[in-house]
Amino acid sequence: MDITILGIESSCDDTSAAVIRGGRLLSNVIASQEVHRQYGGVIPELASRAHQQNIIPVVDRAIREAGIGMSDLDGIAFTRGPGLLGSLLVGVSFAKGLALSLDVPMMEINHLQGHICSHFIDLPDRDLPHPRFPFLCLLVSGGHSQIVLVKDYLDMEIVGTTIDDAAGEAFDKCAKLMGLPYPGGPVIDRLAKEGDPKRFKFAKPSVDGFNYSFSGLKTSFLYFLRDRMHEDPRFIDDNKANLCASLQATIIDILLAKLTKAAKQYDIRDIAIAGGVSANSGLREAIAEEGRKRGWRTFLPEFRFTTDNAAMIAVTGYFKYQRGEFAPMDISPVARISRM
Ligand code: KG4
Ligand code: ZN
């Protein structure tokens with residue numbers, strides 16, 4: 001019988017549970033928390049409370065949708081970090097209680113490894129494309145912007161990282177400056193489709209190696225808007241699509257420049273993207289185009305596996321289960337993890 005793993009994800013503002021059997025996804029339930037929208041960002045205290053309310057119904061639905069019973073589970077995988085401590089505590093504590101009651105092992109998962117392992121999920125009726133080791137993954141989310149050298153399912157090395165803001169943060173903060181709702185990434189993506197990406201130019205950072213920086217872009221965008229609004233108070237309203245398209249193009253250029261450099265240096269042609277920002281249609285097109293030019297095989301995750309989800313946690317747990325890498329009962333969540 002194939003191994004059946006329940007995955008639990010609660011690192012930020014999505015409560016998610018998923019069931020994977022033998023690497024194939026049987027269910028993936030996500031409850032997103034709308035409560036943060038009115039504050040223009042995630043409020044940690046509200047996030048942990050919402051996880052507490054959501055976790056049991058979400059796990060229950062994931063089990064039912066998978067068509068299994070709790071007693072069919074061989075192990076429980078949970079996100080240990082990085083993330084918001086109060087949010088992580090809900091998932092970690094729930095996983096411990098369930099593992100104890102079912103007498104099955106637990107696997108602690110690094111959320112970032114999870115995002116990357118989303119490339120190894122298969123569907124019940126269909127295999128999805130999997131990159132071959134070693135490959136490079138551009139991991140871009142609300143909290144992280146990294147280039148990761150992936151040597152094996154559980155053997156990864158960060159070769160470049162942001163020294164300040166993440167790419168998703170740049171999208172979200174710049175969207176806020178334009179008065180767009182949170183999270184701004186998907187809104188900018190939508191508006192950018194109507195705009196001219198060459199209409200405005202924004203400063204690009206100069207950072208060492210394969211590292212990124214996005215805080216300068218946010219500041220230059222702020223000053224640019226302030227100066228233009230001073231001359232014309234309708235500037236943002238009249239130029240929203242062009243602003244979004246130009247900003248998005250700048251972020252994509254910054255991301256691709258370092259990714260291309262790393263691909264050359266490591267002589268790697270399997271290139272993947274992962275994390276919430278990998279849902280961005282402009283980035284997906286740009287990576288695919290770059291791949292065609294450079295002879296890369298590019299791997300773009302299905303949309304439902306880009307933003308936070310438990311399917312990626314369950315599949316990573318499946319690999320850990322096979323290697324017997326189990327977590328002790330006294331394990332605690334961690335807000336920050338600097339290594340993979
Ligand atoms: O991976 P994720 O769900 O959570 C973290 O681990 O951070 O990523 C959320 C981030 C947010 O910053 C959001 O604005 C961004 O992903 N995002 C996008 C798009 N969809 C989500 N950014 C640009 N374009 C999108 N379509
Ligand atoms: Zn994430």
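Some points to look at:
- Between A203 and R190, the contour length at 0.36 nm per residue exceeds the alpha carbon distance by 2.4 nm.
- In the chain, the longest principal axis of the Cα atoms and the axis of helix 215-231 are about 40 degrees apart.
- Taken along the Cα-to-beta-carbon direction at a fixed 7 Å, the label points for D103 and S220 span 6.3 nm.
- With the helix formula -39500 (n - 2.57) applied to DSSP H stretches of n ≥ 4, the chain reaches a computed 222 nm mean residue ellipticity of -14000 deg cm²/dmol.
- Descending Cα extents along the principal axes, region 25-102, whole Å: 41, 22, 19
- Debye log10 I(q)/I(0) for the chain, one point scatterer per Cα, at q = 0.11 Å⁻¹: -0.71
- Kirkwood Rh and Cα Rg combined as Rg/Rh, region 86-164: 1.05
- Each Lys and Arg Cβ is given +1 and each Asp and Glu Cβ -1; about its Cα centre, the chain then shows a dipole of about 820 debye.
- Sites E45 and R269 - FRET efficiency at Förster radius 35 Å, r taken between beta-carbons, to 0.05: 0.15
- Multiplying the residue separation of M229 and A257 by 0.36 nm and removing their Cα-Cα distance gives an extension gain of 7.0 nm.
- Carbon plus sulfur fraction of accessible area for the chain, probe 1.4 Å, in percent: 49
- Mean sequence separation of contacting Cα pairs (under 8 Å, at least six apart), scaled by the length of region 1-70, corresponds to a relative contact order of 32 percent.
- Where only C-alpha atoms are counted, convex hull volume of region 129-178 per residue in Å³: 80
- Trypsin sites (Lys or Arg not before Pro) within region 188-251, DSSP loop, no more than 16 other Cβ atoms inside 10 Å: K193, K198, R199, K201, R234
- Size-normalised alpha-carbon gyration radius of region 216-289, reference 2.2 N^0.38 Å: 1.41
- For the pair R294 and F326, label points projected 7 Å from Cα toward Cβ lie 4.3 nm apart.
- Over region 98-215, the hull volume per residue, using the convex hull of the C-alpha atoms, is 194 Å³.
- Unit charges at the beta carbon, dipole of region 295-340: most positive-side option, A314, A327, T298: T298
- Dividing the radius of gyration of the alpha carbons in region 258-340 by their Kirkwood radius gives 1.06 for Rg/Rh.
- From phi via Karplus (6.51, -1.76, 1.60), per-residue ³J(HN,Hα) for region 38-43 in Hz, x at Gly/Pro: 5, 9, x, x, 7, 9
- Computed over region 1-135, the ratio Rg/Rh where both radii use C-alpha atoms and Rh is Kirkwood: 0.98
- Of the trypsin sites (Lys or Arg not before Pro) in region 1-40, not one is in a loop by DSSP (not H, G, I, E or B) with at most 10 other beta carbons within 10 Å.
- Once exposed loop GluC sites (Glu not before Pro) are cut out (DSSP; at most 16 other Cβ, 10 Å), longest piece of the chain: 1-193
- Multiplying the residue separation of S338 and R132 by 0.36 nm and subtracting their alpha-carbon distance yields 71.7 nm.
- For region 292-340, the alpha-carbon coordinates run over 50, 26, 23 Å along the three principal axes, in decreasing order.
The values are calculated or read from the model by the stated rules, or taken from the named source; none is laboratory data. What you are looking at is a predicted structure, and each value in this text was computed from that prediction instead of being measured. Here the Cβ is made from the backbone with ideal geometry for all residues, glycine too, and neighbour counts use every protein chain on show. Note: areas computed on protein heavy atoms with side chains; ligands, DNA, RNA excluded. Shrake-Rupley method; radii C 1.70, N 1.55, O 1.52, S 1.80 Å.
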